[in-house]
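All of the numbers you see were taken from the coordinates with simple rules; none came from a lab. Only a predicted model underlies this, so the values are computations on that prediction, with no experimental measurement involved.
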Amino acid sequence: MSRKPARRKPAAKRPAKAAAPRARDAARKPKSAERIGTDHRPSAERKAEHKEVRQGVQMVVVDEDNEGQRVDNFLMAQLRGVPKSIIYRVVRKGEVRVNKGRVKPDTRLKAGDQVRIPPVTRKEKPAQVEPGTRVQGVMEAAVVFENEQMLVVNKPLALPFTVAAGSVSD
């Protein structure tokens, strides 16, 4: 014979104490202003900073060089800079089409196939910053000898360098 556990009475709730407002709480900003990193600029200004590039639908004809290549690898070559996850998502959703039909990522392409590449948003890489004139002058002054096979640089003692495979270091 099994016994049922005895029921316990719920604990009596204590009345909540009214906390007196503190001086520091009165000076606090409202919660909406507390969010760190909130950008209140219009979305057009925020997008201008990121430099996103969105191209329209592309229709690409497969040539002999790309014959036998898988669709996912073909798209990675066509859409450089786009993450693999996005490429696989557009293929899975059926946005990528070969000869007007849906395909899987492992489909092999043939010469003359027409591939529909959907519009994909990709972030443009920011322009590479050139070093200042002072840094360029220091680097140029450090070059002792230069020809087509060799570059000799007068580097500081603590600056490490990589030894090529098969070479002997002291």
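Determine the alpha carbon to alpha carbon distance for each of LYS125/LYS155; LYS84/LYS125; LYS93/LYS123; LYS84/LYS155 and list only those over 29 Å. List each step's numbers first, then the result.
Numbers: LYS125/LYS155 31 Å; LYS84/LYS125 17 Å; LYS93/LYS123 22 Å; LYS84/LYS155 41 Å.
Check vs 29 Å cut-off fails for LYS125/LYS155; LYS84/LYS155.
What Kirkwood radius, in Å to one decimal, follows from the Cα pairs of region 57-96? Let's see the in-between values first.
Numbers: mean 1/r = 0.0924 Å⁻¹.
Its Kirkwood hydrodynamic radius stands at 10.8 Å.
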For region 49-122, taking Cα atoms only, what is the radius of gyration to one decimal and the Dmax to the nearest whole Å?
12.0, 40
